[in-house]
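Step one of this worksheet: look at the structure below.
FYI, it's all coordinate maths here, none of it is from the lab. What you are looking at is a predicted structure, and each value in this text was computed from that prediction instead of being measured. Cβ atoms come from the backbone with ideal geometry, glycine included; neighbour counts cover every protein chain shown.
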Amino acid sequence: MIAQLSAHIKDRRVLDVMSRIPREKFVPPDIRDQAYQDNPLPIGKEQTISQPYIIALMTEELGLEGHEKVLEIGTGSGYQTAILAELAKKVVTVERVPELAESAKKLLKELGYKNIEAHLAGDTLGWPQDAPYDAIMVTAGAPDVPEELLDQLAEGGRMIIPVGPRYAQELCKVTKSREGVTVRNLGGCRFVSLIGKSAWEKD
């Protein structure tokens, strides 16, 4: 997996972290033999663990240096959470599916992470109680960049978020500065829907 990723991902720290974290622990037992294939996998409750390339790209584009407080929207299996925790000072992660939130929290604790604060998502997108954040990673697709999340992003901060129609999005890097907000398109992607008042309604 790492050899394949290194053809596209240049941040050595991202590759090193992904080489150490046991991805097979974050997928259901019956598909653990597929854990290192470069494609998304189902984790139950109509959610997925993203393909390694997309995870590596999103992480690389956040440009973490180790001092940041990061917000993750969509804990899912906890795999992306673990990667962020290795690269940042603190990770605040929220998940709206109670069963996934609980299983990810348990696994991350078992793996020894102490800089992760996990929450069950509320009515508001993100976790404004701990804002502002130096970086925000959104692991679900939104119709637009939610103002609620921009408000939680610090000046100089960046957010990676899939934006577009419900079943196909563009991966966007959003940077917030004193002058305003800039958005860079990183390419096509497909994520489950971001649910919330500033995103999609529940099916």
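Points to keep in mind about this one:
- For the stretch 112-146, the set of residues classified as assigned to a strand (DSSP E or B), under 18 Å from Lys202 (Cα atoms) and touching a residue at least 40 places away in the same chain (Cβ under 8 Å) consists of Val138, Gly141, Ala142, listed by residue number.
- Residue within the stretch 90-101 that is more than 25 Å from Arg190 (Cβ to Cβ), in a helix (DSSP H, G or I) and in contact (Cβ under 8 Å) with a residue 24 or more places away in the chain present: no
- For the stretch 132-159, residues that are over 19 Å from Arg96 (Cα atoms) and touching a helix residue (DSSP H, G or I) at 6+ places or on another chain (Cβ under 8 Å) total 6.
- Test result for Arg158, in contact (Cβ under 8 Å) with a residue 40 or more places away in the chain and in a strand (DSSP E or B): yes
- Leading residue by the ranking (surrounded by the most Cβ atoms within 10 Å (Cβ to Cβ)) among those in the stretch 53-83 that are aliphatic (A, V, I, L, M) and closer than 18 Å to Gln152 by Cα: Leu71
- Test: residue in the stretch 71-89 that is over 19 Å from Ile2 (Cβ atoms), out of contact with any helix residue (DSSP H, G or I) (no Cβ under 9 Å at 6 or more places or on another chain) and not in a helix (DSSP H, G or I): yes
- Ile31 vs. criteria touching a Ser or Thr at 6+ places or on another chain (Cβ under 6 Å) and part of a helix (DSSP H, G or I): no
- The single condition among (1) over 19 Å from Leu186 (Cβ atoms); (2) outside any helix (DSSP H, G or I); (3) touching a Phe, Trp or Tyr at 6+ places or on another chain (Cβ under 9 Å); (4) acidic (Asp, Glu) that Glu65 does not meet is (3).
- Residue pairs meeting the criteria (Cβ under 8 Å; at least 6 apart or on separate chains; first of a type in the set (Gly, Ala, Ser), in the stretch 33-58; second in a strand (DSSP E or B)): Ala35/Leu41
- Of all residues making up the stretch 138-193, the number that are at positive phi and touching an Asp or Glu at 6+ places or on another chain (Cβ under 9 Å): 3
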